[in-house]
Amino acid sequence: MFQNRYLTRPEGFQEFADVTLQKCRKLVAAVLGYSTQEGYKRVARDLDRLSDLLCRVIDLSDFVRSVHPDRRVQMAATQAYSLMFEYMNVLNTTPGLEAQLKKAASIPEVWDSWSEEEQTVANILLKDFSKSAIELPDDKRQAFVDISNDVAQVGTEFVEAMAPETPFLRFASSKLKGMDPLVVRQLTKWGTANIPTAGMPAMLALRTVEDADTRREIYMANRTSARDQIKRLEQMLGQRAELAKLAGYESHAHMALSDKMAKTPEAVVSFLDALAQDNAPRVTEEMRDLLDLKRGDAHGKQMSDELNAWDKDYYTGRLMSSMVSRARTPDQLSAYFSLGTVMQGLSRLFNRLYGIRLVPREPLPGETWNPDVRRLDVIDDHEGHIAVIYCDLFERAGKSPNPAHFTLRCSRKISDEEMREAATLSSEKSSIFATAQEAVNDGLATNNNRRDGNALYQLPTIALICDFALPAPSYSQRPALLSYREVSTLFHEMGHALHSICGRTALQNVAGTRCATDFAELPSVLMESFAAAPEVLALYARHWETDAPLDPARVQERVEIDRRMQGAEIEGQVLLGMLDQRYHSSVPLQWPAGSVG
Ligand SMILES: [Zn+2]
């Protein structure tokens, strides 16, 4: 897999983890032993390599266990993940590494000898150490580790057990008038419909059911969480607050924001306030439009003169469908968005802006985890091969529906010393590597970096996951056609990929998307705007059969439909943000002990 020479069979994960663990131990021993200036100068680079080694196994196996269809491979990946994760926890409670880094950073000759990247990485790592409470006395440090594990555990449970208090509601099917009759029929037995209060049918009902009382009941049930879930949430928030306190922060929000662009909860709240204020006139206008629709609605029996929470989706749906019918069916756009055409368009866009191209490359046997995964090599006009992208774009049973970008390996400069170590590894009789260059990056792609004196670099290796609808088998003659939303998603994820591709640094802690997470969305947001720009559409949007170009005005119509209720959408996000800030403030610390739940 991924040309990683260890991963040719499930047992390879164990071997990969073991070999990497040996390299880590050697490196840790070396760092702990430094006592001269020359030694201290190496600390930032060595610790960066240490976290690269950990990430090589942790990121990759975390990815594999979530996407690989084979159970045995999933389990092997999970084991490798746990092994490395445990080791990382041990490192986090080994004070020596932090002490050596602090010492190194405090010697002016050492600090001044460091490159900007090394100084930045040193600061990032010092911050990480402070968040792991490594300086605490033994008993408190143990408490910190225990609570961290609890939080991770209860957090996973919370995500997995998401459910409303009342999972189903029963209605006479006549109450569901307005909803898609096909769906209603599927849910109906003996004249009574059983509507699940979470998921697609509930959303559909809120958008389409004419009877306001029915919508109200579904809305309330949908928004009322199971009690056990509330307990889990309270436990998690309480423990997060405690963790932050142990690490010397006022609240979890203070701790989590300290290395983001926003920096403090105060900055976040004032941003949200300003956004809400700026957005308010738009929301008022949008709500007025919905209320007008409601007033003119012949179906509304009890004509109250206000818009209720359970009216919003319904009248929004009505508003949208009237726009869509005026703008012709949006699906017709997809004839201009065959996957191949869109990929070619992305490549052209990247070439004009950044001088790089996406070149499809046939994967080797076993290199990918599913037959429909495609490999793209990123080629720079001047520097040659600079990155590898695996695209896993279509829906599949058991695959996460959330589009995402994963970094499987970051950019990093490989030192001569590592090459010597790799040469020993590859010269062993039973070695799985043909050359030292292959061994030094486990078989993954490397290249000489012309911008850095031709030094050898490990190349960013990226996976993009989407859940595009598979073309119906009856359309086997037709290429995969994307909806406008799917095109927009692909551009978004490619924005993250681009960040990883262009952010090729010598140290991996500052490579690509390894930056403040609130900054990481910026390239993707820009890319989404590019997708609809007439200049960019001209590069790719062509009819798959006739090759006719797409009239950009039709995309504009579609974008306007998407933006019709944007004020309300922004307000919803602002509210979630404010709630999140409140949840992660110091408030949970004031809950009396034992009161949780
Ligand atoms: Zn994103």
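The values are calculated or read from the model by the stated rules, or taken from the named source; none is laboratory data. Here the structure is a predicted model, which is why all the values come from computation and not from measurement. Positions of Cβ are generated from backbone atoms using ideal geometry, with glycine treated the same way; all protein chains shown enter the neighbour counts. SASA here: full protein model, heavy atoms, side chains in, ligands and nucleic acids out. Shrake-Rupley method; radii C 1.70, N 1.55, O 1.52, S 1.80 Å.
Listed values, structure above:
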{"read-out": "Single residue of segment 472-518 satisfying the filter (open to solvent by 40 Å² or more (accessible area, probe 1.4 Å), more than 13 Å from the chain's Cα centre (by Cα) and not small (Gly, Ala, Ser)) that is nearest to the ligand (Cβ to nearest atom)", "value": "515"}
{"read-out": "Sole exception among (1) part of a helix (DSSP H, G or I); (2) farther than 26 Å from residue 425 by Cβ for residue 88, by number", "value": "(2)"}
{"read-out": "Members of segment 519-566 that are open to solvent by 60 Å² or more (accessible area, probe 1.4 Å), within 15 Å of the ligand (Cβ to nearest atom) and of a type in the set (A, V, I, L, M)", "value": "522, 525, 526"}
{"read-out": "Extreme residue, most open to solvent (accessible area, probe 1.4 Å), among residues of segment 422-451 that are among the charged types (D, E, K, R) and in contact (Cβ under 8 Å) with a residue 40 or more places away in the chain", "value": "450"}
{"read-out": "1 or more residues over 34 Å from the mean Cα position of the chain (by Cα), farther than 19 Å from residue 167 by Cα and modelled with pLDDT under 95: qualifying helices (runs of 4 or more DSSP H) within segment 178-224", "value": "181-187, 212-223"}
{"read-out": "Lone unmet requirement of (1) at pLDDT 95 or above; (2) open to solvent by 50 Å² or more (accessible area, probe 1.4 Å) for residue 237", "value": "(2)"}
{"read-out": "Total residues in segment 249-284, condition in a helix (DSSP H, G or I) and within 20 Å of residue 148 (Cβ to Cβ)", "value": "6"}
{"read-out": "Qualifying residue in segment 86-105 (condition: open to solvent by less than 60 Å² (accessible area, probe 1.4 Å) and charged (D, E, K, R))", "value": "yes"}
{"read-out": "Any hit, segment 137-145, residues being of a type outside the set (A, V, I, L, M, F, W, C), more than 30 Å from residue 246 (Cα to Cα) and open to solvent by less than 60 Å² (accessible area, probe 1.4 Å)", "value": "no"}
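Here's the yes/no breakdown for (1) in contact with an Asp or Glu (Cβ under 7 Å, 6 or more places away or on another chain); (2) open to solvent by 30 Å² or more (accessible area, probe 1.4 Å); (3) in contact (Cβ under 8 Å) with a residue 12 or more places away in the chain; (4) under 19 Å from residue 248 (Cβ atoms):
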position: 41; (1), (2), (3), (4): no, yes, yes, no
position: 52; (1), (2), (3), (4): no, no, yes, no
position: 82; (1), (2), (3), (4): no, yes, no, no
position: 109; (1), (2), (3), (4): no, yes, yes, no
position: 134; (1), (2), (3), (4): yes, no, yes, yes
